[in-house]
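The structure appears right after this line, and notes come after that.
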Amino acid sequence: MKTITAALIAASLASPVWAGGETASNPDAQVYFVNIQDGDTFVSPVKVVFGLSGMGVAPAGTEKENTGHHHLLIDRPPLGQGEDGVDELSNGIMSDEQHLHFGGGQTEASIDLEPGQHTLQLVLGDLGHVPHSKPIVSEVITIIVE
């Protein structure tokens, strides 16, 4: 019993803190890249198609249960980690060249990226750009731009 308890405590400490905002999400929801896989190579601009199951897409500012809009994180730590990790989970995702907002309800985009290796992660945000109470995030993938 002590071994199991110790393993559970260790696992919880190694996992990111998923506090999230106040907007509930479907616990079975998933966000993912439709046309890109980890390790793919592209020429810029890179077309990125966003996939979502278990919830719907709605523009920012739309208050409708089980909906959100996409954010694309580029070349930064996974959501909830890094300098602004805790703040972005409760206060919202900033908007800059590493945090792209698709508040119009867009489900794809062409992204200009410099040649080299880049990391990408999708995050679903609520009406105010805050991740849901159980954040809906994709795996972080790495792509190469030639």
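General remarks:
Table: residues versus (1) over 21 Å from F33 (Cβ atoms); (2) in contact with a Ser or Thr (Cβ under 8 Å, 6 or more places away or on another chain); (3) part of a loop (DSSP other than H, G, I, E, B).
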{"residue": "V48", "(1), (2), (3)": "no, yes, no"}
{"residue": "H71", "(1), (2), (3)": "no, no, no"}
{"residue": "P77", "(1), (2), (3)": "no, no, yes"}
{"residue": "I93", "(1), (2), (3)": "no, no, yes"}
{"residue": "H101", "(1), (2), (3)": "no, yes, no"}
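- For V49, the stated conditions hold: it is modelled with pLDDT of 95 or more, touching an Asp or Glu at 6+ places or on another chain (Cβ under 9 Å) and β-branched (V, I, T).
Quick grid of which residues meet (1) touching a residue at least 40 places away in the same chain (Cβ under 8 Å); (2) among the aliphatic types (A, V, I, L, M):
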position: V31; (1), (2): yes, yes
position: G39; (1), (2): yes, no
position: F50; (1), (2): yes, no
position: P59; (1), (2): yes, no
position: Q98; (1), (2): no, no
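- Hey, G104 more than 15 Å from the chain's Cα centre (by Cα), at pLDDT 95 or above, small (G, A, S) and farther than 26 Å from I144 by Cβ or not: yes
The values are calculated or read from the model by the stated rules, or taken from the named source; none is laboratory data. From a predicted model like this one, the values you see are computed outputs, not experimental measurements. Positions of Cβ are generated from backbone atoms using ideal geometry, with glycine treated the same way; all protein chains shown enter the neighbour counts.
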